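Just below is one structure, and these are the notes that go with it.
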Amino acid sequence: MIAKFVETPRVRILRATARTTFRAACLAVLLASTAVPLKLNAQETQAPKVSVMEAVLKPVRESETFIGRGEAIDKVDLVARVSGYLEEILIKDGAEVTKGDLLFRIESSSYEATLETARAELARAEANLELAGLDLDRKQELFERGSVPESERDTARANELVAEAAVRSAQAAIRQAELNVGYTEVRAPFSGRAGRINVSLGEVIEPGSQTLVNIVREAPIYVTFALNEKQYVDILQEYGAGGRGDLDEEEIPDVFVILPNESELVEKGQVAFIENRIDPTTGSVAVRARFENEKGLILDGSFLTVGITAHETQDRIIISQAAIQRDQQGPFVLVVDDSRQVAQRYIVTGEVQGTGIVVTDGLIEGEQVVVEGLQRIRPGVEVDPVLADQVGNEQAGE
């Protein structure tokens, strides 16, 4: 016997609720499926706004940069020239010195005694010379009278010559003794700045065995760098010269320096020397520039960026550095053509000019280069370009 199902009021209520919930869910899905395409279509129809700047020609005085090194015009490691007890140290580490300043004093008493001995030897030699001269005069007179043989006269003449030689030897010994006494005082050979003192008071010093102190002339100073063959010829042609000797002083290019902290030295240098041959190991020509270095910002041995500025200005395309992107092929920019389509252009860049950079290849004057909004676009899409200064005006108006 089959049981008959009886629908109760409670069951009817539950069934109606389920139907209502199912219909609401279906309606929500339908509305969502129609709303998303509408939103996407609205976004697709609106071209992204980007900020652009024109590639413009500007007069640029180009420069070429190199790696250079500071070289002191004068630098020396002072050493003792006589041995002895170090009696005085008259400078401090890092002190400024002037030419002729007394820096060290070595005990001189033994050398002064040697000098006195040499002077005494000279006095004796001079006395012997005088005696030999008198003896020669007597022998010459007697020889003329026929009282003595010629051999005695010749012996007297030889004795005088020996006495003269003894005098000269004694005089040389005095000069050497005076030098040794002078060497006990070590003086600055030129003006500059001393380094660290390498000896101690009371130490026994030997000639050439150790450096007492080094002295470096800081101003003026040289900066040496190298040009390859092409750069060397380009510079000569730029200034209309066939060789270093043909360059007029007024035509010699200024040299500038970028310090290690990336700031440019205010003062300019002048080319002081160009090597007369190419180094076969490097294929380069050494160039030396002279800087007054009044503030002492260039140190001996420091590595610097050195540049030579062109004689005349030339028109070059300049764009903002903010527009440049890079990939494995190199630097590139995004440009907007007349149809508002974005295109990718690989470029060759030159030197930096403030916030801009020179473009030597890849762009032509007047092309619109994207500088803002680069993350929202790609090559081939249509955009709404706005000049960079216009964007600034719009924001100011808001």
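The values are calculated or read from the model by the stated rules, or taken from the named source; none is laboratory data. As the structure is a prediction and not an experimental result, all values here were calculated from the model. So basically every Cβ, Gly included, is an ideal-geometry build from the backbone, and we count neighbours across all protein chains shown. All accessible areas refer to the heavy atoms of the entire protein, side chains included, with ligands and DNA or RNA removed. Shrake-Rupley method; radii C 1.70, N 1.55, O 1.52, S 1.80 Å.
In terms of its Cα atoms, region 252-321 spans 39, 32, 23 Å along the principal axes, sorted from long to short. Accessible surface computed residue by residue for region 150-302, with neighbouring protein chains in place and a 1.4 Å probe, gives 57 Å² per residue. Charged neighbours of F143, selected by a Cβ distance under 10 Å, balance to -1 (K, R count +1; D, E count -1). So what does the Cα-only Debye profile of region 77-179 read at q = 0.12, 0.14, 0.15, 0.24 Å⁻¹, as log10 I(q)/I(0), no solvent term? Debye intensities relative to I(0), on a log10 scale: -0.61, -0.70, -0.75, -1.14.
For region 115-234, the percent of C-alpha pairs falling in each 10 Å distance bin, counted from 0 to the bin holding the largest distance, reads 11, 19, 16, 15, 13, 11, 9, 5, 2, 0. Among the trypsin sites (Lys or Arg not before Pro) found in region 326-393, those both in a DSSP coil and sparsely packed, with 14 or fewer other Cβ atoms within 10 Å of their Cβ, are R340. Indicate the gyration tensor shape class of region 335-393 (rounded, prolate or oblate), computed on the Cα atoms with a ≥ b ≥ c the square roots of the eigenvalues: a/c under 1.5 is rounded; otherwise a/b larger than b/c is prolate and the rest oblate. Since a/c reaches 1.5 but b/c is at least a/b, the shape of region 335-393 is classed as oblate. For region 146-303, the Kirkwood estimate of the hydrodynamic radius, built from every pair of different alpha carbons, is 22.1 Å. The peptide list 257-263, 226-232, put in order of mean Cβ contacts within 10 Å with the highest first, becomes 226-232, 257-263. With only Cα atoms counted, region 284-383 has Rg and Dmax values of 19.3, 59 Å. Near P59, once Lys and Arg are set to +1 and Asp and Glu to -1 for all other residues with Cβ below 9 Å from its Cβ, the sum equals +2.
Scaled against 2.2 N^0.38 Å for its residue count N, the alpha carbon radius of gyration of region 44-116 is 2.92.
For the set V333, V233, V162, V381, the ranking by accessible area, highest first and with no ligand, DNA or RNA atoms included, is V162, V233, V381, V333 under a 1.4 Å probe.
Relative contact order of region 58-154: 16 percent, from C-alpha pairs under 8 Å at least 6 residues apart in sequence.
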